[in-house]
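**Student:** Below is one structure. I have some questions about it.
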Amino acid sequence: MSQTDLELNPYSHDFHNNPYPTYQRLRDEQPAYYNDKLNFWALSRHADVQAAFKDWKTFSNKEGVALEAQKESVAKVMSILGMDPPDHNKVRKILIHVFTARAMDEMEDRVREMAKDFIANLADKTRAGEPIDFIEDFAGLLPMDVISDMIGVPPADRDMVRDWANTMMDRTDGSEEIPPHAIEASTNILVYFTKMVAQLREEGLNEDLTAKVMAAEVDGDSLSDEDVVSFLFLMVVAGNETTTKLLGNALYWGKRHPEQMALVKTDPGKVVNWVEETLRFDNSSQIVYRTITCDKEYHGKVIPQGSRVAMLIGSANRDDRVFDNPEHYDLNRDCSETLSFGKGVHFCLGARLARLEGRVCLEEFLKVFSDWDYSEDDLVRIHNSNVRGFLNMPIALTLKDGN
């Protein structure tokens, strides 16, 4: 096959279903790839993606991390993901002041309590012989409930906010346009959080994360209400998608690799490895974009200033220049070079929470269920130019003896 037949179309449903053959060809044949139809470049090798993540001066976030991002609205809806230093640093230092490692670790008991409740429901449905969708009945519920609990979304509103967040991620096959229903869902989220922040200002701050962010002051700097709303928007989108897709992908690949699941069932401490290898092997965040601020040469080609550049995280995580036998799902692997949460100043603020949620949920799941199965024909993937995972995952569960 010639290089001319190699196409990376981030809007193609066929690509979403299995991007990895395309990634491998890009790494080997066109590590600096240009799509003239959609007018973007792509870097696919680990070394290039990692270096670009660390070089914020050359690879700017100001135009957002999605190919279809609109310049004038990026920071408004994506908070620090739509900023470069020094604006980024000002906002991030305030968020870090509240979003501390200790605060995230202290969430473990609450996350475990929520996980147990959802898993008890799965067990009840299994005993009753009722159909179960792992995403709709568990993985798509818990992460948003954790975020909602943190930021103060009332239980009565959580299904509504979750539906908006899911709808916002939907994309039409082959189209580079954001569909109207996704735009409407985004607007609904912004309006909802704008009202919530205004109500807190009027009625007085409480003890949830939103109030703490609103009250935080570091070196004389604080966040405007618009900054707070954009942070809440980012929390709902990133906090929901990452863990939901991680959990679905973990069960999907775990079932396809029973020899690896035998390791986890023998040693529950390997759940951490299960999370990390899933993040490497099939991460939910597959592609993020930057705008290059100067001409830069890669592999004999010059990427011109102002170009949009795709960072192919999913490809970098399977680069055999870094990972031995990268196409093998291996829970004994060293995953320290994984780029799933980025690098540099934009390293994911919620990485610790996502890992905690993944670990706790899988630990509790394995305490109750001994096995699971699914039919490939029944699985439905989400179709999005950045995110990979399942929208629906009908699943049959086997209870452990005594459950």
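**Student:** Can we say Asp117 is acidic (Asp, Glu) and under 22 Å from the mean Cα position of the chain (by Cα)?
**Tutor:** So Asp117 does not fit the description; no.
**Student:** Are there any pairs, at least 6 apart or on different chains, whose C-beta atoms fall under 6 Å, with the first in the stretch 327-350 and farther than 11 Å from Arg280 by Cβ and modelled with pLDDT of 95 or more and the second of a type in the set (S, T, N, Q) and buried (at least 19 other Cβ atoms within 10 Å of the Cβ), and if so, which?
**Tutor:** Final answer for the pair search is Lys343/Gln50.
**Student:** So which of Val322, Val264 ends up being hydrophobic (A, V, I, L, M, F, W, C) and either within 17 Å of Asp55 (Cβ to Cβ) or out of contact with any His (no Cβ under 6 Å at 6 or more places or on another chain) (or both)?
**Tutor:** Matching residue, one of Val322, Val264: Val264.
**Student:** Let me ask you something else. Here are the criteria: (1) open to solvent by less than 10 Å² (accessible area, probe 1.4 Å); (2) closer than 27 Å to Met169 by Cα; (3) charged (D, E, K, R); (4) not in a helix (DSSP H, G or I). Tell me which single one Asp319 does not satisfy.
**Tutor:** All conditions pass for Asp319, except number (2).
**Student:** Is at least one residue of the stretch 30-46 in contact (Cβ under 8 Å) with a residue 40 or more places away in the chain and within 30 Å of Val229 (Cβ to Cβ)?
**Tutor:** Yes, the conditions are met somewhere in the stretch 30-46.
**Student:** Condition check: open to solvent by 40 Å² or more (accessible area, probe 1.4 Å), under 25 Å from Phe15 (Cβ atoms) and not in a helix (DSSP H, G or I). Does Leu339 satisfy that?
**Tutor:** No; evaluated as a whole, the condition is false for this residue.
**Student:** Examine the stretch 391-400 for a residue that is small (Gly, Ala, Ser), open to solvent by 10 Å² or more (accessible area, probe 1.4 Å), assigned to a loop (DSSP other than H, G, I, E, B) and in contact (Cβ under 8 Å) with a residue 12 or more places away in the chain, and state whether such a residue exists.
**Tutor:** Among the residues of the stretch 391-400, not one is small (Gly, Ala, Ser), open to solvent by 10 Å² or more (accessible area, probe 1.4 Å), assigned to a loop (DSSP other than H, G, I, E, B) and in contact (Cβ under 8 Å) with a residue 12 or more places away in the chain, which makes the answer no.
Residues checked against (1) in contact with a Phe, Trp or Tyr (Cβ under 8 Å, 6 or more places away or on another chain); (2) within 30 Å of Trp56 (Cα to Cα); (3) open to solvent by less than 10 Å² (accessible area, probe 1.4 Å):
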{"position": "Glu202", "(1), (2), (3)": "no, no, no"}
{"position": "Leu234", "(1), (2), (3)": "no, yes, no"}
{"position": "Gly254", "(1), (2), (3)": "yes, no, yes"}
{"position": "Val264", "(1), (2), (3)": "yes, no, yes"}
{"position": "Gly269", "(1), (2), (3)": "no, no, no"}
{"position": "Tyr289", "(1), (2), (3)": "yes, yes, yes"}
{"position": "Ile292", "(1), (2), (3)": "yes, yes, yes"}
{"position": "Val309", "(1), (2), (3)": "yes, yes, yes"}
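**Student:** If you take the residues of the stretch 70-90 that are surrounded by fewer than 21 Cβ atoms within 10 Å (Cβ to Cβ) and within 21 Å of Ser186 (Cβ to Cβ), which of them is modelled with the highest pLDDT?
**Tutor:** Among those that are surrounded by fewer than 21 Cβ atoms within 10 Å (Cβ to Cβ) and within 21 Å of Ser186 (Cβ to Cβ), it is Lys76.
**Student:** Restrict the check to the stretch 119-131 and report whether at least one residue is at pLDDT 95 or above, open to solvent by 50 Å² or more (accessible area, probe 1.4 Å) and of a type in the set (S, T, N, Q).
**Tutor:** yes
**Student:** Could you check the stretch 351-380 and list, in sequence order, the residues that are closer than 18 Å to Leu246 by Cα and free of Cβ contacts under 8 Å to residues at least 12 places away in the same chain?
**Tutor:** Result: Ala351, Glu376.
**Student:** Give the number of residues within the stretch 42-59 that are surrounded by fewer than 21 Cβ atoms within 10 Å (Cβ to Cβ) and either at pLDDT below 95 or within 17 Å of Glu29 (Cβ to Cβ) (or both).
**Tutor:** 1
**Student:** Residue pairs, Cβ under 7 Å, 6 or more apart or interchain, first in the stretch 124-147 and within 27 Å of Asp208 (Cα to Cα), second open to solvent by 10 Å² or more (accessible area, probe 1.4 Å) and among the aromatic types (Phe, Trp, Tyr). List them.
**Tutor:** Hits for this filter: Phe138/Phe118; Leu141/Phe118; Leu142/Phe118.
**Student:** OK, next. Test Thr194 against the criterion of being under 21 Å from the mean Cα position of the chain (by Cα) and hydroxyl-bearing (Ser, Thr, Tyr), and give yes or no.
**Tutor:** no
The values are calculated or read from the model by the stated rules, or taken from the named source; none is laboratory data. Since we're looking at a predicted model, the values are computed, not measured. Please note: Cβ atoms are built from the backbone with ideal geometry, for glycine as well, and neighbour counts cover all protein chains shown. Keep in mind that these areas ignore ligands, DNA and RNA; they rest on the heavy atoms of the full protein, side chains included. Shrake-Rupley method; radii C 1.70, N 1.55, O 1.52, S 1.80 Å.
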